[in-house]
Amino acid sequence: MPDSTISNSPLPGLYIVATPIGNLGDISARAAATIAAADVIAAEDTRITAKLLSHLGLRVPMTPYHDHSDERTRTTLVTRMADEVVVLVSDAGTPLISDPGYKLVRDARAAGRHVTTLPGPCAAIAAITLSGLPSDRFLFAGFLPNKAKARADTIAEFAAVRATLIFYESGPRLAAALTALADGLGNRDAAVAREISKMFEECVTGTLIDLAARYGDAPPKGEIVVIVGPPGDVVPEQADDATLDGALRDAMADRPVAQAAKAVAKRFGLDRHDVYARALTLKEGA
Ligand code: SAM
């Protein structure tokens, strides 16, 4: 199969183009050449993509595209792909990865269009390479739900997965997410990768509980990926009675006693029945 973007005029079709997640220097030469040759760029946010175009010194027509764009927008783009070069970009990183594009690719394929991808930056992949956690097997979990119950339920689905887990997060939600992960998965080794490829890039490693404590008082700024090591690296936290009671009270604030006891028992490596009995005592005394 010839490389459809090496010749001067690319074949008509859909070109999925990854763009930088911070450092604009990370745009590939092939991505820049393909964008320059595009008849139209389907962009998540045309104002953000305009900055990339200005950096590249290019002027290319753009149209907004989201997966919730109406059917007509998608049909128009798919029709244009028959004899034009349509480039799909998101605000940053690889389109479709917690970003729009899946439905456009699905429909382009269904219509028999030429579909190709120009691989490049992706925060999830960049973060796992920074983390020092096992990278042979991983599960990309995207964003956790906002609400505590939905978040706990989602985390519970991942508890038995024997792989490193990757989550996208934001600064204000970080500490609560780390605590919920410790509750649901046990106190595993983890990493918080922040502002990758930007001036204040950092990757902080530690157990989930250590990281929750670190970020609890000072929610960090910027864009964040949380990496959680696989089960088996679990380090149960040591707890005296006061710490255990505090953790139980916190956990019971947003879920039923049995669920709270289960999470806290897991976190501290204690017997679930003993912790449940203590939770009932605390609840009755409250
Ligand atoms: N499609 C993008 C990709 O390939 O990485 C991800 C888009 S998603 C809407 C945006 C999330 O990715 C952010 O909230 C953050 O969790 C993560 N992210 C994006 N850029 C990042 C960066 N430079 N450093 C750390 N995380 C980043």
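The values are calculated or read from the model by the stated rules, or taken from the named source; none is laboratory data. Model, not experiment: these values are computed from the prediction. Glycine also receives a Cβ, built like all others from the backbone with ideal geometry; neighbour counts cover every protein chain displayed. We work out accessible area using only protein heavy atoms, side chains counted, and drop any ligands, DNA or RNA first. Shrake-Rupley method; radii C 1.70, N 1.55, O 1.52, S 1.80 Å.
So here's what we get for this one:
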quantity	calculated
Probe 1.4 Å - accessible area at residue 9, Å² to nearest ten	90
Helix-only [θ]222 nm of the chain, DSSP H runs n ≥ 4, -39500 (n - 2.57) each, per residue, nearest 500	-12500 deg cm²/dmol
Selection of trypsin sites (Lys or Arg not before Pro), the range 16-59, meeting DSSP coil and at most 13 other Cβ within 10 Å	59
Dipole magnitude of the chain about its Cα centre (Cβ charges: Lys, Arg +1; Asp, Glu -1), debye to nearest 20	520
Separation of the residue 159 and residue 39 label points, Cα + 7 Å toward Cβ, nm	5.4
Cα centroid of the range 248-286 to Cα centroid of the range 175-219, whole Å	24
Portion, in percent, of the accessible area of the chain that falls on carbon or sulfur, probe 1.4 Å	54
Rounded to whole Hz, the Karplus (6.51, -1.76, 1.60) HN-Hα couplings of the range 271-280, x for glycine and proline	5, 4, 5, 4, 5, 4, 4, 5, 4, 5
For the range 241-285, Kirkwood radius (reciprocal of mean inverse C-alpha pair distance, Å)	9.8
Square roots of 5 times each gyration tensor eigenvalue, C-alpha, the range 54-159, largest first, Å	31, 19, 14
Ranked order, 122, 203 - accessible area, probe 1.4 Å, largest first	203, 122
Virtual spin-label span in nm between residue 277 and residue 82, 7 Å along Cα→Cβ	7.5
Stokes-Einstein diffusion coefficient of the chain, Kirkwood radius over Cα pairs, 20 °C, 1.002 mPa s, in µm²/s	102
Per-residue HN-Hα couplings for the range 103-117 [Karplus 6.51, -1.76, 1.60; θ = phi - 60°; Hz; x = Gly/Pro]	5, 5, 5, 4, 6, 5, 5, 4, 8, x, 6, 6, 10, 9, 10
In Hz, Karplus ³J(HN,Hα) per residue of the range 36-52 (6.51, -1.76, 1.60; θ = phi - 60°; x = Gly, Pro)	4, 8, 6, 7, 8, 10, 8, 10, 4, 9, 5, 5, 6, 5, 4, 5, 5
Probe 1.4 Å, accessible area per residue of the chain, Å²	50
Sites matching trypsin sites (Lys or Arg not before Pro) across the range 154-245 that sit in DSSP coil, with at most 11 neighbouring C-beta atoms within 10 Å	162
Candidates 183, 26, 240, ranked by Gaussian network fluctuation over the chain, Cα under 10 Å, top entry	240
Eligible lysines near residue 283 by straight Cα distance, threshold 20 Å, same-chain separation 8 or greater	149, 262, 266
Filtered trypsin sites (Lys or Arg not before Pro), the range 62-156: DSSP coil and at most 15 other beta carbons within 10 Å	137, 147
Angle in degrees between helix 71-80 and the longest Cα principal axis of the chain, rounded to the nearest 10	40
Rg to Rh quotient for the range 106-253, alpha carbon positions, Kirkwood Rh	1.04
Ranking by accessible area, most exposed first, for 81, 199, 252 with a 1.4 Å probe	199, 252, 81
Leading residue at positive end of dipole, the range 1-154 (Cβ point charges), from 130, 13, 53	130
Options 225, 251, 82, ranked by Cα towards positive dipole end of the chain, top entry (Cβ charges)	82
Relative contact order (%) - criterion: Cα under 8 Å, at least six apart; region: the range 99-170	32
